[in-house]
Amino acid sequence: METDETPRVLPFQLQFDKPVASQIKIAEWNPEKDLLAMVTEDSKILLHRFNWQRLWTIFPGRCITSLCWRPDGKAIAVGLEDGTISLHDVENGKLLRSLKSHTVAVVSLNWEEDGQVIKDGSVNNSTYEDRTSRFFPPAPRVPRMPGLAPGDTGFMDDSDDSFRELSNSSYQRFNILCSGDKDGSICFSIFGIFPIGKINIHNLSIPTPYATEPATCRLSHASISKIALSKDLCHLIGMCSGELNHDEVESAERQLGVHGCHCLLLDTSIFWKRKNELHQVAQQASNIEDLIEVIRSSLSVMSKQWSDAMHTFREKFDSLSSLIIDHGLDSSPQEEFLSLLGGARTSPPVHQFLVNSLGESGVKRVSKVVCGAGKELQHVVLDHLQPAAEIIGFRMGELRGPSRWRTRFQGIGLDETLINNAIEKSGILLVQVERFMRVLSSVVQQFSNFFNWLLKCIKLLNQEPSDQLLPYNSELVVIFLKFLYDQDPVKPFLELSEVDIEPDMETLQRVKELVHFGGFSDCDFLRRTLAEEFKQMESSFKEAFLMPFTTISRKMLCKDVLPLFALPSSSASVSVSVPISVTYYKDASTSVSSYQTHEHGFIDYISFQIPGDSSSNIANCIGISRRFMHSLSNSSIEESASLEAVLLSVPDGYHCVDLSLYKEGQIVLLLNETTSASECSGESCMMIVQADDLPFVSIPRSGCINTWNLDQLKDSVMHLRLENEKVRNIPHSVVAPLAVSASRGVACVFAARKRALVYILDEDEDDVSDSE
């Protein structure tokens, strides 16, 4: 502990005191830049610089329940109440990606990258080279709906490379985004965009390794409150509240289990052991998902454009049917036009329609709309849909080789049969694209020819010269009137339809014969539309990538559980909100020199407040435990690797509002002064405690799951004293959260009266600030 003889004392200089428009409920510093992301009570996200300059504000439209930064600080993950996780660009707050990994509120997010340091001269095998750029131009963007300004659709602008950078993960260090919800589910996503695993703590069989006989237990009515993945990606520590019971206990006796706060240790070493393989699969899969979105949006844009064009055509030409009926004729518009084409006398309804209702300007207007839509569809196919389909086929082909390398990739669930099926579906889609282009080109040509003939007719009826008009083909006009005037062969290709396309038998027979020479095994693709083929391709991809997801999920097991403190039974069905912090510090006593020692390179520190209404005898204390993830080593290990803990008694008249583990084993505490007259007297303080100086006590583990281990320390509680610690008094009543930046050496405290106070924690940072 610090004493009066300590040569340097942290000054905790107040950098500034600024008002905030709304109370802040979540705050996180950027790990690489001087940026602070805050979430207000009305769920707006604010991004401020260290000097409190606001960069942007966004409102997702739903309640925000959690937030964290990507390790490189270039993106921010936001957990929402409906279970959605949205990724936003740090530069402008634009939405980069949304993942629906959960069905209930995401209450905790943690984004961790591989912490292994590569020595100079060594090869970083976790870096996967994406070869797609060698053979293809940059991937196409999502097409924008005509008539909308940039940003109206929510898609990225063409000049913005953030979305491309998010997906192009080949140069990034391997990283995992972990998310936990209030129903006990924990999801894992590589690079934050490729789902790779999911577990539910209610379904975990939790071993009790310290029991005299092998036994397991389970959690019920549990809710996640905090998750933290270790920097070596081998373990995940999860804090949860719930009821812990032995599996062997009868259901009637389960009700006697004590509800409390527990700490779970999950084995996630599959991420470290297979990070090279997972990196490669995630790189291809995430880019394929982006390209699938390009195709989906292309089909949507094309369907909308063509439907609008056909609506304009029908709106103009349906009036001819009414005119025919009004004149007492029983012929159809096609018959009237064929009669006109054959040189017969023009009937009154056709004359009235062409000269008065439609006119030359009307024909030109409809022709511009229909033919223009056809050309736009061709551009969308050539610039977006077809390139996306081609790159998808290449990327799936890149996974065919790994799927055959069973010794490496079968362990992560990459299945050769499923990959081959997805490759075939992507190839069939390219065939369907070519087929659609032929149909579209033919339809547009016949519409253009029909409109040229109508212009010629109108000129002749008006006795005007028609020498300058474009020529037309009479045979194509006949085909148009018979097959296209009241039918639309383009629309079925762009929409899901229950009516199959009937191919000619000769073509179908040829396709079946090609199977013997390596052709598509699925010969029914000729009966499907382009939209249906895309749906089948998307389903095949989901099936292929679901296998790694399922395989990884099965390989993540619970290794240990640490009961921390009991809670009143009244809180059994709700998430307990207490200050909790989990982090990992480098173990100075060991040097990581090889892959074999990676699991011992970090020490876990778990810090939490024991609530005042706890049924334990150690209320209003702060518990700190360390080496939880090392406590399962064999009995011959050093004593220093066993579980250790210490209890800190909050000074009389104070209660802990929030806490945060800081760099180099320091713990920052935020305390409010409490009086009998009011819960908060209007003053508070911030305190730093050096964890290495605390009298940690080795905790003997018990096989009884209802033994609260920290109760063993109630006779050796360390009392914190304001005069002996590094303390800064704050002339305000404060509220959570406490936002601490280890890289910047600052802490942001929020007062109850909507103010933000930023303090310098490190003496070095204070000197820099003074020099500036």
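Structural remarks
- Enumeration of residues in segment 116-136 that are at pLDDT 70 or above and closer than 21 Å to ARG70 by Cβ: ASP130
- Total residues in segment 687-721 satisfying the condition of being part of a loop (DSSP other than H, G, I, E, B) and either at pLDDT 80 or above or within 40 Å of the chain's Cα centre (by Cα) (or both): the figure is 15.
- Close Cβ contacts (under 7 Å, 6 or more residues apart or on different chains) running from residues in segment 443-467 that are closer than 10 Å to VAL477 by Cα to residues that are open to solvent by less than 50 Å² (accessible area, probe 1.4 Å) and outside any helix (DSSP H, G or I) comprise GLN446/LEU484; ASN452/LEU469.
Yes/no per residue for (1) surrounded by 15 or more Cβ atoms within 10 Å (Cβ to Cβ); (2) assigned to a helix (DSSP H, G or I):
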position: GLU315; (1), (2): no, yes
position: GLY328; (1), (2): no, no
position: PHE337; (1), (2): yes, yes
position: GLY343; (1), (2): no, no
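- Residue within segment 670-679 that is more than 19 Å from ARG627 (Cβ to Cβ), at pLDDT below 90, in contact with a strand residue (DSSP E or B) (Cβ under 9 Å, 6 or more places away or on another chain) and small (Gly, Ala, Ser) present: no
- Only one of LEU80, LEU99 that is more than 30 Å from ARG728 (Cβ to Cβ), surrounded by 14 or more Cβ atoms within 10 Å (Cβ to Cβ), out of contact with any helix residue (DSSP H, G or I) (no Cβ under 7 Å at 6 or more places or on another chain) and modelled with pLDDT of 95 or more: LEU80
- Condition met for GLN446 (surrounded by 15 or more Cβ atoms within 10 Å (Cβ to Cβ) and at pLDDT 85 or above): yes
- Some residue of segment 509-520 being surrounded by 15 or more Cβ atoms within 10 Å (Cβ to Cβ), aromatic (Phe, Trp, Tyr) and modelled with pLDDT under 90: yes
- Among residues that are among the small types (Gly, Ala, Ser) and open to solvent by 10 Å² or more (accessible area, probe 1.4 Å), SER403 is not included.
- Residue match in segment 267-274 (condition: buried (at least 23 other Cβ atoms within 10 Å of the Cβ) and not in a helix (DSSP H, G or I)): yes
Matching residues to (1) at pLDDT 85 or above; (2) not in a loop (DSSP other than H, G, I, E, B):
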residue	(1), (2)
VAL561	yes, yes
PHE565	no, yes
VAL578	no, no
ALA588	no, no
HIS598	no, yes
SER607	yes, yes
SER616	no, no
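- Some residue of segment 285-304 being farther than 26 Å from HIS379 by Cα and either open to solvent by less than 20 Å² (accessible area, probe 1.4 Å) or in contact (Cβ under 8 Å) with a residue 40 or more places away in the chain (or both): yes
- Scanning segment 44-62 for residues that are within 15 Å of LEU87 (Cα to Cα) and either touching a residue at least 40 places away in the same chain (Cβ under 8 Å) or open to solvent by 40 Å² or more (accessible area, probe 1.4 Å) (or both) gives LYS44, ILE45, LEU47, THR57, PHE59, GLY61, ARG62.
- Taking first residues from segment 468-483 that are of a type in the set (Ser, Thr, Tyr) and partners that are at pLDDT 90 or above, the Cβ contacts under 6 Å between residues at least 6 apart in sequence or on separate chains come to TYR472/ASN449; TYR472/ASN452; TYR472/TRP453.
- For segment 372-392, a residue qualifies if it is open to solvent by 20 Å² or more (accessible area, probe 1.4 Å) and either touching a residue at least 60 places away in the same chain (Cβ under 8 Å) or over 24 Å from PHE451 (Cα atoms) (or both), and the qualifying residues are GLY372, LYS375, GLU376, GLN378, LEU382, ASP383, HIS384, GLN386, PRO387, GLU390.
- Among the numbered conditions (1) open to solvent by 50 Å² or more (accessible area, probe 1.4 Å); (2) on the phi < 0 side of the Ramachandran plot; (3) outside any helix (DSSP H, G or I), the only one that GLN463 does not meet is (2).
- Scanning segment 184-200 turns up no residue that is modelled with pLDDT of 70 or more, surrounded by 17 or more Cβ atoms within 10 Å (Cβ to Cβ), over 21 Å from the mean Cα position of the chain (by Cα) and of a type in the set (S, T, N, Q).
- Filter result for HIS221 (at positive phi and either at pLDDT 90 or above or open to solvent by 20 Å² or more (accessible area, probe 1.4 Å) (or both)): yes
The values are calculated or read from the model by the stated rules, or taken from the named source; none is laboratory data. This structure is a prediction, so every number in the text was calculated from the model and none was measured. So basically every Cβ, Gly included, is an ideal-geometry build from the backbone, and we count neighbours across all protein chains shown. Side chains included, ligands, DNA and RNA excluded: accessible areas come from the protein's heavy atoms. Shrake-Rupley method; radii C 1.70, N 1.55, O 1.52, S 1.80 Å.
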